[in-house]
Each structure stands twice: as structure tokens, then as C-alpha cells.
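Each remark here refers to the structure printed beneath this line.
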Amino acid sequence: MKVVLLEDVPGKGRAGQIKEVNKGYAKNFLLPRGLALVATPAIIKQVESRLEKERFEESVDHEKLVELAQQIEGKEIHFKARSGTGERLFGSITAADVAEQLGKSIGVVVDKKKIDLEKPLRLTGSHEVVVKLASDIRPQITVIIEEEKEEGEAKQKAPGKKAAKKVETDVKEEVEEGNEEEDEEDKEEEEHEEE
């Protein structure tokens, strides 16, 4: 029985090919699963036009991927992370983190599966990472992980909330005392005017 394959079938052929297969295999496996259609002249024509359309779309998509690769190539992405001794991070930078940050920098959503990381990045410094857009399009980016300043150092430099609140409270008290004194002086002046 002649069939037109609608999808790639391992061991039989690729989508769009016309193949001769056993009648039972076609009726029990290929046709019910929507992997093939019986080869008639009308169906052959439909499949050929669909395949041409898909090839055209693939070529357009390929051009877009090439443009995207040119945007991505050589980009630097910066991360700040806390680290311990020996420049080792307390956590790690994963492919999802890299994809999210890359997406923000170029304005296009990047799938985390496209980021080629064998293991999450666990050391500070510069790391070369490959982005797999297609089998033949693989731009490289640089991921730079910098050490984040610890909270203790930041607290020493800037006054704490309690100190700031105390300063505000002292200022308010002085202003209120000044207002009370002015009110008393106004009352005394009013009393002298009445007399």
C-alpha cells in the first residue's frame, strides 16, 4: 500500500515521502496515529504544497535566528552573588538565570534549554557560555559573576534605621518645643494688649 508520510517515521522515512508499506502496518499503525495518509493524487499535491510552505518558513526562521545570533554574539552578562572562600558562590548561576538575564538585555525571550551549560556556574569570574539557537548557529556570550558586598559592610557605611529614626525624633521634639514657646509668647502679648 502506498502512503504519504506526514511526519518522520523512524525506519520508514521522512515527512513528505511516498513509501510502500504493508497494508496492516498502514491501517493499524500509521493511519490511526496520523503519521501518514493513503497516497492519492490529491493528497500528494496537498502534502507537496504544505512541505514547500514549511521549507519557506524554515528559511525565514533561519534568517531571523542569524540576526538574533549577531545581536547575542559577544554580549556580556553581569551577575552579583555572595561568595565564600576561594571565590566559590554560596548558590549557583543556572541556565535559567543566564537565559532570563540575556532576554532582558536583548529584549527577546530566550529559552533556558538554548543555554549550553554542563553544570551551574559556582565560581566568581568570567565564563564563556554558548547559546544554541540552531544546530549551525551557536553564538557565544560572556557571563561575569562578581562578588556581592556583604550586608555587614553595607551597615557600617550607612547609618541604620534606628539611628535615622532617632535623629528624626530629636528634630521633631525641637520643632515642637519651639512651637510651644512661640504659642506662650503670643498668649502673653494678647494679655498685655487686653490690659
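The values are calculated or read from the model by the stated rules, or taken from the named source; none is laboratory data. It should be emphasised that the depicted structure is a prediction, and the values quoted were computed from it without experimental measurement. Note that we place each Cβ from the backbone using ideal geometry, even for glycine, and neighbour counts take in every protein chain shown.
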### Odd one out for Glu76 among (1) in the same structural domain as Ile144 (by TED's automatic domain parsing); (2) surrounded by 15 or more Cβ atoms within 10 Å (Cβ to Cβ)
(2)
## Note on the structure
Apart from one, (1) of a type in the set (Val, Ile, Thr); (2) in contact with a Lys or Arg (Cβ under 7 Å, 6 or more places away or on another chain); (3) closer than 28 Å to Ala134 by Cβ all hold for Val3; the odd one out is (3)
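Return yes or no: is Glu100 farther than 30 Å from Glu147 by Cα and either assigned to a strand (DSSP E or B) or not β-branched (Val, Ile, Thr) (or both)?
It is false that Glu100 is farther than 30 Å from Glu147 by Cα and either assigned to a strand (DSSP E or B) or not β-branched (Val, Ile, Thr) (or both).
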## Note on the structure
Within segment 13-41, residues surrounded by 16 or more Cβ atoms within 10 Å (Cβ to Cβ) and of a type in the set (Lys, Arg) come out as Lys19
### Task
Collect the residues in segment 82-99 that are at pLDDT 90 or above and buried (at least 16 other Cβ atoms within 10 Å of the Cβ), keeping them in residue-number order.
Ile93, Ala95, Asp97, Val98, Ala99
